[in-house]
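**Student:** There's a structure below that I have some questions on.
What follows draws every value from the coordinates through simple rules; no lab data is involved. From a predicted model like this one, the values you see are computed outputs, not experimental measurements. As a convention, Cβ positions derive from the backbone with ideal geometry for all residues, glycine included, and neighbour counts pool all protein chains shown.
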Amino acid sequence: MSWFSLRQIPNLITVMRILLVLPTVVMILQRRFDWALALFFVAGVSDALDGFLAKHYGWITRLGSLLDPIADKLLMVSSYTACAWIGLLPGWLAFLVVARDLVILLGAVAYYLLLHPFEGQPTWISKFNTLLQILLLLAVLWHYAFMPLPLFAFEGLIYLTTVTTVVSGLQYVTLWGRHFFREIGGGKKA
């Protein structure tokens, strides 16, 4: 039996997206924002494509469910860090984005190790935060690659992204904390 089947196509696309992280960051650091924007666009299309294939054809795998968010977070965290490194975004914002994702990752690992896998769904504020993070990054890359955008647009996106990053991070901690203590409490009663 071969290791490859059609079910693996979304996973291969996701691995390709992970491989795009380094060139995207390199392009940002080299101030080749047009190329960084193009690579970011390819990553976004590949994310939509692998999601469509997995859902439409039922090619959902455990590996894919782990790799997909890792690919997304690697691209976002790396891009924010690179943009902050060369002064395109505030360092404190990159820190918040990285810290939020790190807290979520460590919480998921702790939950898994102490109890069991947590099948959590993203909340609306988390989805909105992801959208804002993507829009801000696209705006920054577009601004420096092609056409300057108004300062108020940047400031608005930065502050909205900041608020939703903090709120969604706190929401995850609160929700997972409640689930954790509910399960611990339930386990002691049994």
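**Student:** Please state which one of Leu149, Leu175, Leu141 is surrounded by 14 or more Cβ atoms within 10 Å (Cβ to Cβ), assigned to a loop (DSSP other than H, G, I, E, B) and not polar (S, T, N, Q).
**Tutor:** Result: Leu149 is the single residue among Leu149, Leu175, Leu141 that is surrounded by 14 or more Cβ atoms within 10 Å (Cβ to Cβ), assigned to a loop (DSSP other than H, G, I, E, B) and not polar (S, T, N, Q).
**Student:** Would you point out the residue of the stretch 53-91, among those that are assigned to a helix (DSSP H, G or I), more than 16 Å from the chain's Cα centre (by Cα) and touching a residue at least 40 places away in the same chain (Cβ under 8 Å), that is surrounded by the most Cβ atoms within 10 Å (Cβ to Cβ)?
**Tutor:** In this case the residue turns out to be Ala54.
**Student:** Cβ-Cβ under 6 Å, sequence separation 6+ or interchain: first residue in the stretch 20-48 and farther than 13 Å from Ser79 by Cβ, partner part of a helix (DSSP H, G or I) and among the small types (Gly, Ala, Ser). Which pairs?
**Tutor:** Going by the 6 Å Cβ cut-off, the qualifying pairs are Asp34/Ala145.
**Student:** Another question, then. On the basis of being within 30 Å of Gly185 (Cα to Cα) and either in contact (Cβ under 8 Å) with a residue 40 or more places away in the chain or out of contact with any helix residue (DSSP H, G or I) (no Cβ under 6 Å at 6 or more places or on another chain) (or both), does Leu113 make the cut?
**Tutor:** In short, yes.
**Student:** Going by what's in this entry, would Ser126 be described as under 14 Å from the mean Cα position of the chain (by Cα), more than 16 Å from Ala94 (Cα to Cα) and assigned to a helix (DSSP H, G or I)?
**Tutor:** yes
**Student:** Go through the stretch 100-123 and report how many residues are part of a helix (DSSP H, G or I) and either surrounded by fewer than 15 Cβ atoms within 10 Å (Cβ to Cβ) or at positive phi (or both).
**Tutor:** 8
**Student:** Of (1) over 15 Å from the mean Cα position of the chain (by Cα); (2) assigned to a helix (DSSP H, G or I); (3) under 23 Å from Ile104 (Cβ atoms); (4) not polar (S, T, N, Q), Ile13 satisfies all except one. Which?
**Tutor:** The number of the failed condition is (3).
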